[in-house]
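Single-structure report; data block below.
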Amino acid sequence: MEMVNLTIDGEKVQVPKGTTILEAARKIGKKIPTLCFLKGVNEIGACRMCVVEVKGARALQASCVYPVSEGMEVYTNTPAVREARKVTLELLLSDHNLECPTCVRNLNCELQKLAEELGIKSIRFTGEKHKAKYDDFSPSIVRDTSKCILCRRCVSTCHNVQGVGVISPNHRGFETMVAPVYDMSLAEVACVNCGQCILACPVGALKEKEDTDKVWQALQDPEKHVIAQIAPAVRVSLGEEFGLGRGAIVTKKIPAALRRLGFNRVFDTDFAADLTIMEEGHEFLERLQHGGKLPLITSCSPGWIKFCEHYYPEFLENLSTCKSPQQMFGAVAKTYYAQKMGIDPSKIFVVSIMPCTAKKYECQRPEMRSSGYQDVDAVLTTREISRMLKEAGINLAAMPDEEFDEPLGISTGAGAIFGATGGVMEAALRTVYEVVTGKELENIEFTSIRGVEGIKEATVEINGMNVNVAVAHGLANARKLLDRVKNKEAEYHFIEIMACPGGCVGGGGQPILSADERFEVDYRAVRGSAIYEVDRKMPLRKSHENPAVKQLYEEFLGKPLGEKSHELLHTHYTPRPRYPEAEEK
Amino acid sequence: MKLAAKKDSELAEKLMEVEKMLEKYKGQKGALLQVLQEAQKIVGYLPIEVQKRVAEALNVTLSEVYSTVTFYSFFNLKPRGKYQIRICLGTACYVKGADKVLSRLEQELGIKVGDTTDDLKFSLDACRCVGACGLAPVVIINDDVYGRMTPDKVPEILKNYE
Ligand code: SF4
Ligand code: SF4
Ligand code: SF4
Ligand code: FES
Ligand code: FES
């Protein structure tokens with residue numbers, strides 16, 4: 001590798017050719033402020049917050065896009081540099097809807113933090129504010145352009161990471177607004193509700209549709225039996241909001257905290273994940289043995305499902321008909337559990353605590369009322385439940401260890417790994433192998449489909465047959481994989497797709513990291529390893545060994561893919577348009 | 001949300017022409033600007049139907065196409081009005097108060113510069129010096145030139161185009 005020598009503020013640095021000034025500076029622990037820069041996602045040099053002096057260059061240079069060269073002399077902290085950054089920031093602030101105390105990003109906002117770090121004491125500019133739009137028609141995502149600083153991190157994420165591309169800067173100059181076409185609502189275009197744009201946004205211009213009020217109300221209502229289900233990925237992320245470090249495992253603290261918040265029962269989506277594996281594993285075998293549509297593609301990720309409906313309707317028949325674990329849980333809670341406990345299902349209020357914004361959309365789909373009621377009443381993101389706990393004065397970090405309630409809180413390690421990319425496939429293989437061969441699987445860890453690589457493949461021998469599987473996460477990767485299948489460049493029997501990069505641990509409802517922190521840590525990988533640690537520590541690690549799931553089949557469902565299962569646990573899909581339709585006039 | 005579009009029959013023919021034009025640009029993301037210009041030449045403006053076809057052909061998102069169309073002032077989202085109003089914002093006209101005339105025009109028509117009224121009757125554009133500085137400020141409606149304009153004359157003049 002060709003190396004380049006330069007000095008930054010007089011300090012010698014050696015870095016590989018092609019490195020930017022910003023990266024070189026960070027290597028020696030120098031902090032250059034940034035705003036539009038998001039490593040690997042948005043490197044467009046638009047905001048000029050990161051300017052530095054380069055000796056010999058006429059103007060100040062944006063360090064996030066400026067490559068180093070041999071003998072370069074860089075100054076990151078001159079009066080001119082400091083003044084230029086301040087002017088940039090003050091101009092942004094002068095056209096910003098500054099309402100920090102009531103803003104969803106208060107104390108976790110890059111703009112606010114920069115104002116502190118750059119020592120802004122007053123804003124020297126005043127002027128007209130840009131025309132703003134508040135769009136809360138989507139069931140998942142709220143846009144508040146009064147806080148948008150036009151950094152385009154969301155745009156790059158939506159286009160390049162997710163391969164969706166429904167938001168862009170429209171119009172020009174002072175009128176510029178990041179929005180869907182014709183300034184429509186996100187609800188009117190083919191947005192898949194993944195929430196990845198929220199994670200990319202440095203400020204409060206994008207946020208989830210907040211549902212905490214609904215849940216507070218239910219918790220206060222003595223008539224209501226309020227139950228919670230916690231998604232696998234939440235147990236390795238909620239602790240972050242309480243200062244426990246990235247990927248801290250808080251599985252047993254969550255039941256304690258939620259009980260104190262007033263939930264009548266605290267259950268586990270991992271239970272429903274095990275149930276999903278029973279249904280989906282058998283569906284796979286059914287299709288394999290009886291010439292059904294292959295490859296079978298997993299259906300746990302509602303962002304992926306909506307993506308498939310809009311952009312790849314030709315694959316709808318490949319989708320597993322299994323509902324996602326969240327929805328299986330809801331359907332079982334308001335039927336089996338209601339009967340078993342003798343509770344009127346109309347009095348049960350199911351709250352899902354999810355790493356995901358698309359789940360908010362999913363629970364409102366008309367298909368998701370198999371119990372005769374809306375199966376899941378409210379979905380809270382990891383961020384929302386953290387806000388509720390804080391509002392109630394409950395410090396998760398200080399909670400004792402408690403267990404989930406029975407029976408819908410009993411789970412295996414296979415259910416837990418649903419939270420990381422590759423996990424659903426691995427869980428399915430653990431079960432499918434043993435169901436088909438009747439033998440015990442020796443090594444249950446399928447490491448080749450774990451990890452952060454965008455597309456992963458493996459071939460697994462089951463009873464003399466080579467089963468080809470593939471895993472994709474992040475919808476741009478899903479596109480690549482599906483195009484390969486479409487063009488017959490690859491053939492698989494079984495495919496797992498998760499909308500979010502990293503799988504649910506990287507979900508759009510998860511705690512938000514600043515661009516600086518994302519530069520330092522691969523948070524998805526950290527949370528992912530935590531998920532596998534959860535799995536390793538479980539006494540049972542295969543879904544078909546879950547005693548509560550077995551009991552559910554014995555007492556209620558009969559058998560996987562049976563009549564009751566079809567009624568409660570399976571669903572269907574609808575092709576949707578890729579573009580909004582024009583109205584004639 | 002209303003998306004301006006002419007009647008299908010009028011548009012259908014032009015769309016076929018656009019499709020034909022697009023054939024030589026299949027998959028060429030970099031050709032977006034040029035393609036939009038050609039499409040506007042054919043249709044006269046760039047309704048969503050045209051933008052969708054451009055997006056499909058070039059393999060870019062509709063959002064990217066719309067972003068580009070709204071960035072450049074020479075692209076029109078709506079068909080031009082039956083009466084095209086141009087107001088000169090050249091120096092001579094400007095110093096004599098063309099900006100006030102423009103505000104009044106925008107107010108009376110309920111549209112901004114570059115836009116077309118919903119009934120497709122008027123479109124409003126600004127232009128540079130039209131060589132009639134002696135008459136400043138100048139407004140031109142189709143082929144009629146109105147000199148020494150004042151904001152108050154605006155409603156009167158618009159009445160000529162009922
Ligand atoms: S986005 Fe940041 S700076 Fe703006 S109001 Fe919210 S917290 Fe304050
Ligand atoms: S939710 Fe996902 S699809 Fe929708 S705008 Fe955000 S990134 Fe794009
Ligand atoms: S919405 Fe957020 S991420 Fe998108 S451009 Fe505005 S400030 Fe940047
Ligand atoms: S230009 Fe470098 S961070 Fe925005
Ligand atoms: S400046 Fe308006 S006609 Fe010359």
Going by the conditions given, is B:LYS112 within 14 Å of chain A (Cβ to nearest Cβ), more than 16 Å from ligand 1 (Cβ to nearest atom), among the charged types (D, E, K, R) and within 22 Å of B:GLU38 (Cα to Cα)?
no
Would you please name the residue that is nearest to the chain's Cα centre (by Cα), looking only at residues in the range A:185-200 that are part of a helix (DSSP H, G or I) and more than 8 Å from chain B (Cβ to nearest Cβ)?
A:GLN196
Yes or no: A:ILE141 touching a residue at least 24 places away in the same chain (Cβ under 8 Å), more than 21 Å from the chain's Cα centre (by Cα) and either away from every other protein chain (no Cβ under 14 Å) or within 16 Å of ligand 5 (Cβ to nearest atom) (or both)?
no
Being more than 16 Å from ligand 1 (Cβ to nearest atom), more than 14 Å from every other protein chain (Cβ to nearest Cβ) and surrounded by 17 or more Cβ atoms within 10 Å (Cβ to Cβ) narrows it down to one residue among A:VAL203, A:VAL166, A:VAL234; which is it?
A:VAL234
Mind telling me which of the residues A:LYS209, A:LYS129 ends up being modelled with pLDDT under 95 and either touching an Asp or Glu at 6+ places or on another chain (Cβ under 7 Å) or within 11 Å of chain B (Cβ to nearest Cβ) (or both)?
A:LYS129
Expected output for the range A:341-368 (first residue closer than 14 Å to A:LYS306 by Cβ and at pLDDT 95 or above, partner aromatic (Phe, Trp, Tyr) and surrounded by fewer than 20 Cβ atoms within 10 Å (Cβ to Cβ), Cβ below 9 Å, 6+ apart or cross-chain) is A:GLU367/A:TYR573
State whether the residues of the range A:95-109 include one that is touching a residue at least 60 places away in the same chain (Cβ under 8 Å), touching a helix residue (DSSP H, G or I) at 6+ places or on another chain (Cβ under 6 Å) and of a type outside the set (S, T, N, Q).
no
Can you give me the number of residues within the range A:73-126 that are among the polar types (S, T, N, Q) and either within 16 Å of ligand 2 (Cβ to nearest atom) or closer than 19 Å to A:ARG143 by Cα (or both)?
5
Answer with yes or no whether B:ASP99 is without any contact (Cβ under 8 Å) to a residue 40 or more places away in the chain, within 22 Å of A:GLU175 (Cα to Cα), within 16 Å of ligand 5 (Cβ to nearest atom) and among the charged types (D, E, K, R).
yes
The lone exception for A:TYR182 - which of (1) in a loop (DSSP other than H, G, I, E, B); (2) within 8 Å of chain B (Cβ to nearest Cβ) it fails
(1)
Considering each of B:ALA126, B:ALA136 in turn, give the residue that is among the small types (Gly, Ala, Ser) and closer than 16 Å to B:GLY81 by Cβ.
B:ALA126
Within the range B:17-30, is even one residue under 20 Å from A:HIS171 (Cβ atoms) and either more than 11 Å from chain A (Cβ to nearest Cβ) or outside any strand (DSSP E or B) (or both)?
no
I'd like to check which helices (runs of 4 or more DSSP H) are fully inside the range B:40-102 and have at least 1 residues that are within 14 Å of chain A (Cβ to nearest Cβ) and surrounded by fewer than 17 Cβ atoms within 10 Å (Cβ to Cβ).
B:48-58, B:62-71
Residue pairs, Cβ under 8 Å, 6 or more apart or interchain, first in the range A:506-529 and outside the structural domain of A:ILE32 (by TED's automatic domain parsing), second in a helix (DSSP H, G or I) and among the polar types (S, T, N, Q). List them.
A:GLY507/A:THR382; A:GLY508/A:GLN196; A:GLY509/A:THR382; A:GLN510/A:THR382; A:PRO511/A:THR382; A:PRO511/A:SER386
Among the residues of the range A:19-45, write down those that are closer than 11 Å to A:SER63 by Cβ and not in a loop (DSSP other than H, G, I, E, B).
A:THR20, A:ILE21, A:LEU22, A:GLU23, A:ALA24, A:ALA25, A:ARG26
Just one of B:ALA55, B:ALA92 is touching a helix residue (DSSP H, G or I) at 6+ places or on another chain (Cβ under 6 Å), over 30 Å from A:LEU186 (Cβ atoms) and small (Gly, Ala, Ser); which is it?
B:ALA92
Those residues of the range A:341-377 which are surrounded by 24 or more Cβ atoms within 10 Å (Cβ to Cβ) and of a type in the set (D, E, K, R), in sequence order
A:LYS359, A:LYS360, A:GLU362, A:ASP375
Residue, farthest from A:PHE37 (Cα to Cα), within the range A:171-200, restricted to residues that are buried (at least 24 other Cβ atoms within 10 Å of the Cβ) and within 11 Å of ligand 3 (Cβ to nearest atom):
A:ALA179
Yes or no: the range A:7-14 includes at least one residue that is without any contact (Cβ under 8 Å) to a residue 24 or more places away in the chain and loosely packed, with under 12 Cβ neighbours inside 10 Å.
yes
From the list A:PHE263, A:PHE284, which residue is hydrophobic (A, V, I, L, M, F, W, C), at pLDDT 95 or above and not in a helix (DSSP H, G or I)?
A:PHE263
Is one or more of the residues making up the range A:114-130 within 16 Å of ligand 4 (Cβ to nearest atom), touching a residue at least 40 places away in the same chain (Cβ under 8 Å) and aliphatic (A, V, I, L, M)?
yes
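The values are calculated or read from the model by the stated rules, or taken from the named source; none is laboratory data. Remember, predicted model here, so these are calculated numbers, not experimental data. Heads up, the Cβs are rebuilt from the backbone with ideal geometry, glycines too, and the neighbour counts pull from every protein chain shown.
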